[in-house]
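Working notes, structure below.
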Amino acid sequence: MQTVILAAGRGTRMRPLTDRRPKPMLPVTDRPLVAHTADAAIEAGATKLTIVVGYEAEAVRSFFGDERAGVPVEFAVQEKQRGTADAVRAAASSLDDEPFVVLNGDALYDVPSLSTLYDTVPAVGSFTVDNPSAYGVLDTDTDGFISGVVEKPEHPPSNLINAGSYVFPAEAQQWLNVEESDRGELELTDVLARTCDEYDVQAVAFDRWLDVGRPWELLEANEWKLSELDPRIDGDVSDDAELSGPVVVEDGATVRSGVVIEGPALVRRGATVGPNAYVRGATVVGEGAKVGHAVEVKNSVLMEGATVGHLSYVGDSILGRDVNFGAGTKVANLRHDGESVRQMVKGELVSTGRRKYGVVLGDEAKTGINTSLNAGVRLPTDGMTKPAESVLYDRINERSDE
Ligand code: G1P
């Protein structure tokens, strides 16, 4: 089944992590988020992938090249992010006159359910959530077929949402010129509505699905994919390092003396851990990243080249590419009132729903020695703190956070 993957968006809610890379290229274990979408699609039966790119398109193109696992990959450019129907329209010239699948490139799908979706024409992937108002909510008719979809309703008719995965009949290629919606976008859900008018559209329920829109969902995505790791030690691990649980140490990575790693954890090529460091929870130490002496890292993602050299604690956090922690920098990841940690998203303070949540640092941010970072704060790309600074509040400029 020919498959269109939508990967043109920037992902402003992921700022500052998407200042220099598109959201679909954010790392989830050993590959970008969109590569998990592509790989799940290939396992489910995709025969050709057309990836719609836009913001920072080159990063996506150069990652994939012209094939993945023997399946041809093509690219379509969406110049302006005008909505999902417009994105598919950009890909239309590469589609054959046959049914086609469309997948949001910023979500994780469970493969068995996705395979069922691929076997059902026409269909829409669905998932049950607690907060349906944030999504397109599906309406079903008395025969169990989908009768329509309501975008982001204030009073959702059900908890069953559109998971951003669709199998359209070939004819839907003629229906991509939709009118602008109330929120000013050209929406694929309007194409779905038309398909529901003309065909019996089935909902295929996903057992597991994760929409990755905000930084804590990137942690969740890594937790999910790390839990599927097959342990493997290809790198250089000191005889007295203690590794337990599923741990992958890639070829070219070094784990030095006195290190304790409690998996699931992934130490990527060129990374160094130790001496005398403690890595636990679902943690990714990215390519060329460094976790040095007397450093504890828990449930965190260190992107490529991030360095936490000495005497630090990093918990439930995301450190962008080439971040540098001055000696003694500590991250708070728990509120003493027991409430979930909150984080600014597009100028609004939002609950992450997590009791344990640390910080998000943009690429190349640097902290001075003994910096304290409060739970939920973000530092901008290239941001800096002074020695002994205590960062209590978010540091991303609100006006640029849109
Ligand atoms: C889109 C769809 C929505 C769906 C969601 C899934 O929303 O319009 O129906 O529930 O993807 O992530 P958007 O992410 O464009 O707000």
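Listed here are the residues, each with its yes/no results for (1) within 11 Å of the ligand (Cβ to nearest atom); (2) part of a helix (DSSP H, G or I); (3) at pLDDT 95 or above; (4) out of contact with any Pro (no Cβ under 7 Å at 6 or more places or on another chain).
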position	(1), (2), (3), (4)
L103	yes, no, yes, yes
L114	no, yes, yes, yes
T120	no, no, yes, yes
V124	yes, no, yes, yes
F127	yes, no, yes, yes
D130	no, no, no, yes
D139	no, no, no, no
Problem set entry | Selection status of A203, in contact (Cβ under 8 Å) with a residue 24 or more places away in the chain and not in a strand (DSSP E or B) | no
Seminar exercise, completed: Matching residues in the stretch 240-253 (surrounded by 18 or more Cβ atoms within 10 Å (Cβ to Cβ) and not in a loop (DSSP other than H, G, I, E, B)) number 4
Problem set entry | L266 aliphatic (A, V, I, L, M), open to solvent by less than 70 Å² (accessible area, probe 1.4 Å), farther than 20 Å from G105 by Cβ and touching an Asp or Glu at 6+ places or on another chain (Cβ under 8 Å) | yes
Exercise. Are any residues in the stretch 273-297 crowded, with 21+ Cβ neighbours inside 10 Å and not in a loop (DSSP other than H, G, I, E, B), and if so, which ones?
Worked result: V273, V279, T283, V284, V285, K290, V291, V297
Exercise. Can you name every residue in the stretch 215-239 that is open to solvent by 60 Å² or more (accessible area, probe 1.4 Å), touching a residue at least 24 places away in the same chain (Cβ under 8 Å) and either not in a loop (DSSP other than H, G, I, E, B) or not small (G, A, S) (or both)?
Worked result: P231
Exercise. Can you spot a residue in the stretch 76-84 that is open to solvent by 10 Å² or more (accessible area, probe 1.4 Å), on the phi > 0 side of the Ramachandran plot and of a type in the set (K, R)?
Worked result: no
Exercise. Among the listed residues D382, D394, D363, which satisfies the condition of being assigned to a loop (DSSP other than H, G, I, E, B), open to solvent by less than 10 Å² (accessible area, probe 1.4 Å) and of a type outside the set (A, V, I, L, M)?
Worked result: D363
Problem set entry | Of the criteria (1) part of a loop (DSSP other than H, G, I, E, B); (2) at negative phi, which one V150 fails | (1)
Problem set entry | Test for V149: is it away from the ligand (no atom under 12 Å from the Cβ) and touching a Ser or Thr at 6+ places or on another chain (Cβ under 9 Å) | no
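The values are calculated or read from the model by the stated rules, or taken from the named source; none is laboratory data. Just so it is clear, the structure is predicted and the values come from calculations on it, not from any experiment. Cβ atoms come from the backbone with ideal geometry, glycine included; neighbour counts cover every protein chain shown. The protein model used for the area step is the full one, side chains on, heavy atoms only, and it has no ligands, DNA or RNA in it. Shrake-Rupley method; radii C 1.70, N 1.55, O 1.52, S 1.80 Å.
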